[in-house]
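The values are calculated or read from the model by the stated rules, or taken from the named source; none is laboratory data. Since the model is a prediction, treat every value here as computed from it, not as a measurement. Note: ideal-geometry Cβ built from the backbone for every residue, glycine included; neighbour counts use all protein chains shown. The accessibility values were calculated without ligands, DNA or RNA, using every heavy atom of the protein model including side chains. Shrake-Rupley method; radii C 1.70, N 1.55, O 1.52, S 1.80 Å.
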Amino acid sequence: ILVTGATSIVGSLLVPMLAERNLPVICLGRTPVATSSTVSWRCFDFETALQDVPVVRGETLIHTAGLWLLPRWLDSFHGKGLRRLVAFSSTSRFTKQSSVSAEERELAHRLALAENATIESCQRLGIKWTILRPTLIYGGLHGDRNVEEIARVIRRFHMFPILGAAKGLRQPVNAKDLAMACLQVLAVPRTCDKAYNLSGGETLAYSEMVRRIFGVLGYPPMLLPVPIRVFRAAVWIARHHPRFRHLTAGMAVRMQEDLVFDHHDASVDFGYQPAPFDPTYLVRPR
């Protein structure tokens with residue numbers, strides 16, 4: 001099994017799961033990973049055109065890196081024996097189409113194009129494909145940019161700014177449930193040539209999600225309503241720091257929007273059963 005994004009939020013959990021099952025794994029990426037009797041690593045940069053796929057053989061590829069990086073490499077992977085693909089996209093393909101942020105609209109467009117290009121290439125090459133679209137991901141071995149960003153603000157300021165009542169609904173999905181979904185998909189042939197939305201096991205308001213994080217961190221919940229113009233100014237300032245370049249004003253606006261997706265098809269087809277939202281990992285040693 002070939003795995004890309006082995007150090008990503010999902011990939012970092014997936015590789016140990018594969019190793020525990022004694023499945024031979026080759027991780028492809030720029031960052032070295034810990035190797036073992038069943039796990040090896042090959043240096044490969046999807047963004048560098050002046051190279052080819054390493055000399056490896058693999059019938060299955062689990063792609064947890066950016067989906068837009070994949071389509072132009074599928075011919076090469078097919079030449080190395082690829083016949084089965086599981087790749088991650090995101091429900092952002094739908095939720096960010098009409099965002100107030102041009103960057104977010106561009107991301108939604110890139111994801112849509114990447115999904116279409118991936119499917120078309122797989123159909124042409126005879127590769128069986130499955131695309132997984134998670135909602136808001138949290139957890140993982142190396143942190144996340146969703147729940148942990150909220151926790152970082154709370155730890156520093158003992159408060160959290162919100163837009164309006166922040167009643168938009170969320171379905172946070174644990175990265176370990178997504179890693180397990182990869183194994184479940186590979187074991188069920190009827191998941192071939194399908195795309196699945198993978199939401200978390202609990203639906204709650206954005207404000208309630210933030211309150212849960214306050215509780216885990218041991219602080220009384222203090223949610224401070226802030227006008228959108230103040231949010232925009234704060235985001236503009238924060239983006240000058242490398243850690244916060246991914247922030248956009250659209251994140252604040254979406255606090256009022258319901259971002260809810262049904263994972264019924266995934267439950268029926270391959271037994272997907274995500275857990276309720278559990279931010280206690282924020283205070284547990286990794």
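Against the definition (closer than 26 Å to Arg124 by Cα, in a loop (DSSP other than H, G, I, E, B) and either open to solvent by 70 Å² or more (accessible area, probe 1.4 Å) or of a type in the set (Gly, Ala, Ser) (or both)), how does Ala65 come out, yes or no?
Yes; evaluated as a whole, the condition is true for this residue.
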Kindly indicate the residue of region 201-217 that is open to solvent by 60 Å² or more (accessible area, probe 1.4 Å) and touching a residue at least 40 places away in the same chain (Cβ under 8 Å) and also farthest from Met255 (Cα to Cα) among those meeting that condition. Arg212
Within region 71-99, restricting to residues that are in contact (Cβ under 8 Å) with a residue 60 or more places away in the chain and not in a helix (DSSP H, G or I), the one that is farthest from Cys182 (Cα to Cα) is Ser99
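For the subset of region 184-200 comprising residues that are within 21 Å of the chain's Cα centre (by Cα) and assigned to a loop (DSSP other than H, G, I, E, B), which member is surrounded by the fewest Cβ atoms within 10 Å (Cβ to Cβ)?
Looking only at region 184-200, we keep the residues that are within 21 Å of the chain's Cα centre (by Cα), and these are 184-186, 191-200.
Still in the list and also assigned to a loop (DSSP other than H, G, I, E, B): 192-193, 199-200.
Values: Cys192: 15, Asp193: 13, Ser199: 25, Gly200: 25.
If we take residues in region 184-200 being within 21 Å of the chain's Cα centre (by Cα) and assigned to a loop (DSSP other than H, G, I, E, B), then Asp193 is surrounded by the fewest Cβ atoms within 10 Å (Cβ to Cβ).
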Spot the failing condition for Arg93; the list is (1) charged (D, E, K, R); (2) at pLDDT 95 or above; (3) open to solvent by 20 Å² or more (accessible area, probe 1.4 Å); (4) closer than 27 Å to Leu23 by Cβ, and only one is missed. (4)
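Find the residue count for region 126-146, including only residues that are among the β-branched types (Val, Ile, Thr) and in contact with a Gly (Cβ under 8 Å, 6 or more places away or on another chain). Walk me through how you get there before you give the answer.
Keep residues of region 126-146 that are among the β-branched types (Val, Ile, Thr), which gives 127, 130-131, 135, 137.
Still in the running and in contact with a Gly (Cβ under 8 Å, 6 or more places away or on another chain): 135.
So the answer is 1.
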Matching residues in region 106-137 (in a loop (DSSP other than H, G, I, E, B) and more than 14 Å from Asp193 (Cβ to Cβ)) number 2
